[in-house]
Amino acid sequence: MFATSIRAALAAAAFATLFGGPLASANAETANIAPQPPAGATAPAPDADNDRADAAWADFLETEGAILADAQFAALNNLAFQAAAVRVCDGHALAKEAFGKAIGDVIASGDKQLSDDDAEARKTAILVAFGARYGLFIAEAHGDKVDFCASAAKLKAEPDGTPVFLE
């Protein structure tokens, strides 16, 4: 049952990506149909918080389910944030061994009573959850790179109890 619910969630995410995400835009471009903003819409100011990333996070979190405890989801957020910082911000590298161990710890934290198939499905769901977080943080970083990179630098300089994988 667990594997079925994970597969259903992954299928729903794939469906949304195929029919409401990047491919929908590509199809419009192929057909020479420019996507049109709603009537009366104006572009947000460059420094405006337009909540697009907030909505993306909300959509993603709605489908995620309870594959991890809150503390483990927080660990995934931390790992994904730092991986995105390395990708987007100058002056950071990732402590690869410690980073890999931390993701491994999240994966290994699961129910030891799961069948091999369910354990593999759970591992896949966790890696998808990490990847989605990483992508969302990349998007947030490009929304306000200066602020995002300043947050990463502050975390690196003053971890305040948060595990840091930035070098």
> Hey, among the residues in segment 109-167 that are open to solvent by less than 40 Å² (accessible area, probe 1.4 Å) and among the aromatic types (Phe, Trp, Tyr), which one's nearest to Leu94 (Cα to Cα)?
Replying inline: Phe165
>> Restricting to segment 84-108, name every residue that is over 26 Å from Ala153 (Cα atoms) and surrounded by 13 or more Cβ atoms within 10 Å (Cβ to Cβ).
In response: Ile107
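The values are calculated or read from the model by the stated rules, or taken from the named source; none is laboratory data. All of these numbers come straight from a predicted model, not from anything done at the bench. No Cβ is skipped: glycine too gets one built from the backbone with ideal geometry, and neighbour counts run over all protein chains shown. Remember, those area values only see protein heavy atoms, side chains included, never the ligands or the DNA or RNA. Shrake-Rupley method; radii C 1.70, N 1.55, O 1.52, S 1.80 Å.
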